[in-house]
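Peer 1: The structure that follows is given in the form of structure tokens.
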Number of protein chains: 2
Amino acid sequence: MEDHRSLFEQEIRKLKVPVAKVFLKNGKIVPAVFAKSSEVIGTSDKDAVNAQFPKTVAQTENKILKATGNLEKKITGKRVAVLFSGGPAAGGHNVVVGLKKILGDGNTLFGVKNGPKGLLEGTLFEITDEMVKEIVNTGGFDFLGSDRTKIKTDEQFNAVKETVKKYNLSAIVVIGGDDSNTNAAILAELLYDMGVQVIGVPKTIDGDLQIGSYLPISFGFDTATKIYAELVGNILQDTPSSRKYWHFVKLMGRAASHVALEVALQTRPAITIISEEVKEKNMSLGTLVQSIADVIAKRASKGINHGVVVVPEGLIEFIPEMMKLIAELNEVLAHYEVDLQNMHTMDEKKDFIYKKLPAELAKLMASLPDEFENMLLLDRDSHGNLQVSQIPTERLLIIMVEERLNEMKRHEDEVRHLNMTAEEYARFQKFKFATNSHFFGYEGRCGAPTLFDAAYTLNLGLAAGSLILDGHTGYIVAVTDLQKGGNVLALPLTGLLNIERRHGKDEMVIKKALVETNSPTFLFFASRRAVWAEKDHFTSPGPRQLWGPSAKQLPVSVALNQGYDSLAFDLGEEVQVY
Amino acid sequence: MEDHRSLFEQEIRKLKVPVAKVFLKNGKIVPAVFAKSSEVIGTSDKDAVNAQFPKTVAQTENKILKATGNLEKKITGKRVAVLFSGGPAAGGHNVVVGLKKILGDGNTLFGVKNGPKGLLEGTLFEITDEMVKEIVNTGGFDFLGSDRTKIKTDEQFNAVKETVKKYNLSAIVVIGGDDSNTNAAILAELLYDMGVQVIGVPKTIDGDLQIGSYLPISFGFDTATKIYAELVGNILQDTPSSRKYWHFVKLMGRAASHVALEVALQTRPAITIISEEVKEKNMSLGTLVQSIADVIAKRASKGINHGVVVVPEGLIEFIPEMMKLIAELNEVLAHYEVDLQNMHTMDEKKDFIYKKLPAELAKLMASLPDEFENMLLLDRDSHGNLQVSQIPTERLLIIMVEERLNEMKRHEDEVRHLNMTAEEYARFQKFKFATNSHFFGYEGRCGAPTLFDAAYTLNLGLAAGSLILDGHTGYIVAVTDLQKGGNVLALPLTGLLNIERRHGKDEMVIKKALVETNSPTFLFFASRRAVWAEKDHFTSPGPRQLWGPSAKQLPVSVALNQGYDSLAFDLGEEVQVY
């Protein structure tokens, strides 16, 4: 009991981790060598991208690199800096472990403290073997720290160059999400002439950094969704035990609904809302509320007074009428930023903003509960986006669903479409809608990584280090064939870039991968949800296991989208890395 | 992916579970036999109790029974009903499994649907081997369902007798917490003349049903605290990763702070509030807020802008000035129940109540934020208690701590007691107090049981069944010596009863076991918290493991209070029960 670490924390550091074949030689970890394939990737904005990134594109030709075997040449003297960028995700530490291992004694690995800001400020330190032994297989980004600074001004570019010179860096590895990898693409171009290589590593619990069969998933998604799925599973198990609550559970994921969809597949709640579908079907808030109330009423009419509703964090922004309102608010808030800063009361600001909105949107805005209205006017984040995590969508839905249910109880006409018998309607009328709400977010970012995330990130780190030793720049690493030993790729970062409007300006960014309603995962979900809605069919993945028979499992959505026949993964031979 | 159950759920059903020696004969599970010891238990109200429970006390003499070996006599024809009562807790299903196993083919086990209410309504069904094979080692109470009906009126007593007659029951097993076991004591006396045995099983995630070395802990506590501790551990790991938040985490536990204390020992956050200490030290809300603000300011002055504050759910009721207010409100609300029911607006009710309060309490009430004031006036639960889980204590603390910190930033006098240097004070003044709040409760009640809870409950079930076969009534089962193979006891329920004032009336109840500030656990915590407050010393138990090296661990507080030298438990030989 006196030891600083729990037994679990001591034991995970001893776990062996699977390593892909290209990184192994006689059971030892060695760098891989890459070959340019003929496969080109790019977006519809590729001409504009190519014009803005001439140096990297000339070198990469936007072609995918494939690891083909061991790198035979011994490379030494590289000085590599690694940094975390954006919100933490489980497995980040193992990327650093993989990098350190592959660079070995002949090269130097520096850690950048506190994210991109640390790169500007030059707060680097040398990472030793002793340090990585302490972090192997652990959760969190605390070894380096992270932040959300975007590198885009000339002043910032100069600061990066100063840091590069100060530490005589050969390469920079950026571990981050879509915005951070956009940063990496920009840095690769900026530092090209200095001979500095830049490599990105795909991180985000949101799962919205993925590219079909080339990048099945970002790291951290598996751990986060397994943490949330256990909690949702526990709550589902609670509902028929205590038999009186509907739980509304909001899950982190600012834009895409991958997290909600994955958790739904792992747990099978009565109702799961997928933002992308809401948008595609052009659903109004009222229609959405009705669809939830229908399931609740139908279950109540059969005597089932409990259930779970899973709500993706970013939902509001995907309801078309709300999107119009928010887009208009974003423009107004950005355009009149100075004017608004000079106003002191919320009422003053509101009056001002209402007058700038088109009439129908001002009306929609006014129709929302006060609490909610104020939320929509909250300050934006540094990317000019609405801070949706501040909005209690789950509570808004509860209020509106309750109103709807009361209407349905009062007027039999309102349930005509549900075809209830008289007895069923009477049962529904007696039903008491008791609710609880939850938001799971921070809980899922820094837990100990699943075996999948631990293995995936170690291999991503080995890949990033190998790319550097093999002389490449401007790539993001990827591992595919997750059930067949792992196929290591490097995707040209410029091939991922699009033009997007932010803060009222066009910017070059990596587009978030949203849930596609024609994907195998969504179709699987859509084909089953009516059954899950009718009565309890839930299951639970349980707490994620690092040992035992259920330890090696992929996210369900990854297995479905990649066409795998089971959830078991195989990322190579298990190795004691340190 | 098509199977109804996750791989984890399939595999836990195959887990072997340790069984105490008294239940084993040649590797097979058999009933134990009990002998009356010379150890008597009782409370200071024992004379009043003995007078009210003459029949059971005459039989038990309030002496503890000890299981001494296998029951050699073959008993058949018993008809036993089992029910869940109150909130669910992990392991309940294994109590049923243990009962079924020990009763075997020669006796009949009935499940009572939906708790005590089901006993009144007579909704029983026969439990088969096939059914228990489906629930072994699983979480939740959904196999039977539960409710919170208290059996106390003559009408209810008659209904129970009707059910007993209808099913020709020989015995009833009540799986529940303090109130439910009070029910069990009452039923044991009531049904004594009918020859019906009643046995209680100690359940509650709150951990407040424990009796020194006789009953180390109730079941469900270990699973719930390990679930919460993982989440708190994840959040702790997040704080130095993202480096910007203070998280206020409220943990379930209506009265005692056992859950908060256990989670603190497993994770070591900067601040953990223990309600019982607050009460003992007669702390005001203002003093408590100052003590939190002090730790936050001190860390900020050293450049640490993050941390976690653990808050027990029932805190408010332990702040003496608030207790006075709430006690007075409870009396007023109970006394003027009818008057208040006839009032329609909150304002009307408030006005009425304010006039009934002593002046100083009315003043305290008025000093609270409006939102909070309304909460205190909310309807009471069926036991006449304030629904503290409805009160966002964590949010109240955030608001008040923020105000305090702002004062401290404005006036250097306010931090004089913290001995900051000028540089440190300047750093604190720049510190931005960004917060998140969480409430973990329902997530912890129905997760898959830890190996400890799975084993503990199976043995409790075996013990309850053995007591019935061995002809006893009016006991609650217990297992001690958790590190030495398990020692099986039965404690006379009447020995646990006290007189407590509820709804303005004296009632016979089992007193909740609160955290004692002179217990080994509290002293251990108290001796370390200053170090944890100063800078990060956190750890995490990780997700609870059912396999591997960290799977067999007791709650830290149980190990400390029982004087064990490690967390490892030993409850006997591992057996495949079904």
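The values are calculated or read from the model by the stated rules, or taken from the named source; none is laboratory data. Since we're looking at a predicted model, the values are computed, not measured. Counting neighbours? That spans all protein chains shown, and the Cβs are built from the backbone with ideal geometry, glycine included. Ligands, DNA and RNA are excluded from the accessible area calculation, which covers all protein heavy atoms including side chains. Shrake-Rupley method; radii C 1.70, N 1.55, O 1.52, S 1.80 Å.
Peer 1: Return the residue satisfying two criteria in turn: it lies in region A:236-262 and is assigned to a strand (DSSP E or B) and within 13 Å of another protein chain (Cβ to nearest Cβ), and of such residues it is farthest from residue A:209 (Cα to Cα).
Peer 2: Per the stated criteria, the residue is A:245.
Peer 1: Restricting to region B:146-179, name every residue that is within 14 Å of another protein chain (Cβ to nearest Cβ) and hydroxyl-bearing (Ser, Thr, Tyr).
Peer 2: Those that are within 14 Å of another protein chain (Cβ to nearest Cβ) and hydroxyl-bearing (Ser, Thr, Tyr): B:146, B:149.
Peer 1: Scan region B:507-523 residue by residue and report those that are hydrophobic (A, V, I, L, M, F, W, C) and part of a loop (DSSP other than H, G, I, E, B).
Peer 2: The answer is B:513, B:514, B:515.
Peer 1: Something else: State yes or no: is residue B:308 in a strand (DSSP E or B), among the aliphatic types (A, V, I, L, M) and over 22 Å from the mean Cα position of the chain (by Cα)?
Peer 2: It is true that residue B:308 is in a strand (DSSP E or B), among the aliphatic types (A, V, I, L, M) and over 22 Å from the mean Cα position of the chain (by Cα).
Peer 1: Can you name the residue in region B:206-235 that is more than 12 Å from residue A:445 (Cβ to Cβ) and among the aliphatic types (A, V, I, L, M) and is also nearest to the other protein chains (Cβ to nearest Cβ) among such residues?
Peer 2: Checked region B:206-235; the qualifying residue nearest to the other protein chains (Cβ to nearest Cβ) is B:227.
Peer 1: Test residue A:200 against the criterion of being open to solvent by less than 40 Å² (accessible area, probe 1.4 Å) and part of a loop (DSSP other than H, G, I, E, B), and give yes or no.
Peer 2: No: the conditions fail for residue A:200.
Peer 1: Can you tell me how many residues in region B:244-257 are open to solvent by 20 Å² or more (accessible area, probe 1.4 Å) and out of contact with any strand residue (DSSP E or B) (no Cβ under 8 Å at 6 or more places or on another chain)?
Peer 2: The qualifying residues number 2.
Peer 1: Looking at (1) more than 7 Å from chain A (Cβ to nearest Cβ); (2) open to solvent by 40 Å² or more (accessible area, probe 1.4 Å); (3) in a loop (DSSP other than H, G, I, E, B), which is the only condition residue B:571 fails?
Peer 2: That leaves (2) as the condition not met.
Peer 1: Can you pull out every residue in region B:1-28 that is away from chain A (no Cβ under 14 Å), outside any helix (DSSP H, G or I) and open to solvent by less than 30 Å² (accessible area, probe 1.4 Å)?
Peer 2: Correct list: B:17, B:18, B:19, B:20, B:24.
Peer 1: Out of all the residues in region B:88-110, is one or more in contact (Cβ under 8 Å) with a residue 24 or more places away in the chain, of a type in the set (S, T, N, Q), more than 14 Å from chain A (Cβ to nearest Cβ) and not in a helix (DSSP H, G or I)?
Peer 2: yes
Peer 1: Give the residues of region A:111-155 that are assigned to a helix (DSSP H, G or I) and either closer than 17 Å to residue A:172 by Cα or touching a strand residue (DSSP E or B) at 6+ places or on another chain (Cβ under 6 Å) (or both), sorted by residue number.
Peer 2: A:116, A:117, A:118, A:119, A:120, A:121
Peer 1: Restricting the first residue to region A:127-145 and requiring it to be away from chain B (no Cβ under 11 Å), which pairs with a second residue that is open to solvent by less than 50 Å² (accessible area, probe 1.4 Å) and in a helix (DSSP H, G or I) meet a Cβ separation below 6 Å and a spacing of at least six or different chains?
Peer 2: That search, which allows pairs on different chains as well, returns A:127/A:100; A:132/A:97; A:132/A:100; A:135/A:93; A:136/A:97.
Peer 1: Give me the pairs, please: first residue somewhere in region A:307-318 and within 24 Å of residue A:297 (Cα to Cα), second residue anywhere and in a strand (DSSP E or B) and among the charged types (D, E, K, R), beta-carbon distance under 8 Å, and either six or more positions apart or on two chains.
Peer 2: If the second residue must be in a strand (DSSP E or B) and among the charged types (D, E, K, R), the pairs left are A:311/A:250; A:312/A:250.
Peer 1: Does any residue of region A:46-63 turn out to be surrounded by fewer than 24 Cβ atoms within 10 Å (Cβ to Cβ), touching a Pro at 6+ places or on another chain (Cβ under 8 Å) and under 30 Å from residue A:223 (Cβ atoms)?
Peer 2: no
Peer 1: Quick check on region B:67-87. Is at least one of its residues out of contact with any strand residue (DSSP E or B) (no Cβ under 7 Å at 6 or more places or on another chain), among the β-branched types (Val, Ile, Thr) and more than 14 Å from chain A (Cβ to nearest Cβ)?
Peer 2: yes
Peer 1: Moving on to the next point. Which numbered condition in (1) in a loop (DSSP other than H, G, I, E, B); (2) open to solvent by less than 60 Å² (accessible area, probe 1.4 Å); (3) within 14 Å of chain B (Cβ to nearest Cβ); (4) in contact (Cβ under 8 Å) with a residue 40 or more places away in the chain is the only one that residue A:557 fails?
Peer 2: (1)
Peer 1: Within the bounds of region A:263-283, is there any residue that is within 14 Å of another protein chain (Cβ to nearest Cβ), open to solvent by 20 Å² or more (accessible area, probe 1.4 Å), more than 27 Å from residue B:4 (Cβ to Cβ) and touching a residue at least 12 places away in the same chain (Cβ under 8 Å)?
Peer 2: no
Peer 1: Return the residues of region B:397-415 that are hydrophobic (A, V, I, L, M, F, W, C) and closer than 24 Å to residue B:436 by Cα; say none if nothing qualifies.
Peer 2: Matches in region B:397-415: B:397, B:398, B:399, B:400, B:401, B:405, B:408.
Condition check ((1) over 10 Å from the mean Cα position of the chain (by Cα); (2) modelled with pLDDT under 95; (3) open to solvent by 10 Å² or more (accessible area, probe 1.4 Å)) across all residues:
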residue: A:184; (1), (2), (3): yes, no, no
residue: A:189; (1), (2), (3): yes, no, yes
residue: A:192; (1), (2), (3): yes, no, yes
residue: A:210; (1), (2), (3): no, no, yes
residue: A:218; (1), (2), (3): no, no, no
residue: A:224; (1), (2), (3): no, no, no
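Peer 1: I've got another one for you. Surrounded by fewer than 16 Cβ atoms within 10 Å (Cβ to Cβ) and polar (S, T, N, Q): is that true of residue B:566 in this structure?
Peer 2: Yes; evaluated as a whole, the condition is true for this residue.
Peer 1: Quick one: would you say residue A:531 is open to solvent by 60 Å² or more (accessible area, probe 1.4 Å), more than 10 Å from chain B (Cβ to nearest Cβ), in a helix (DSSP H, G or I) and not aromatic (Phe, Trp, Tyr)?
Peer 2: yes
Peer 1: Please return the ranges of helices (runs of 4 or more DSSP H) entirely within region A:326-444 where 3 or more residues are in the same structural domain as residue A:235 (by TED's automatic domain parsing), among the small types (Gly, Ala, Ser) and surrounded by fewer than 18 Cβ atoms within 10 Å (Cβ to Cβ).
Peer 2: In region A:326-444, A:359-367 are the helices (runs of 4 or more DSSP H) which contain 3 or more residues that are in the same structural domain as residue A:235 (by TED's automatic domain parsing), among the small types (Gly, Ala, Ser) and surrounded by fewer than 18 Cβ atoms within 10 Å (Cβ to Cβ).
Peer 1: Just for region B:501-516: of the residues that are open to solvent by 30 Å² or more (accessible area, probe 1.4 Å) and in contact with a Leu (Cβ under 8 Å, 6 or more places away or on another chain), which one is nearest to the other protein chains (Cβ to nearest Cβ)?
Peer 2: So, considering only residues that are open to solvent by 30 Å² or more (accessible area, probe 1.4 Å) and in contact with a Leu (Cβ under 8 Å, 6 or more places away or on another chain), the one nearest to the other protein chains (Cβ to nearest Cβ) is B:512.
Peer 1: When the residues of region B:445-495 are filtered to those that are within 30 Å of residue A:539 (Cβ to Cβ) and out of contact with any strand residue (DSSP E or B) (no Cβ under 9 Å at 6 or more places or on another chain), which remaining residue is surrounded by the most Cβ atoms within 10 Å (Cβ to Cβ)?
Peer 2: B:446
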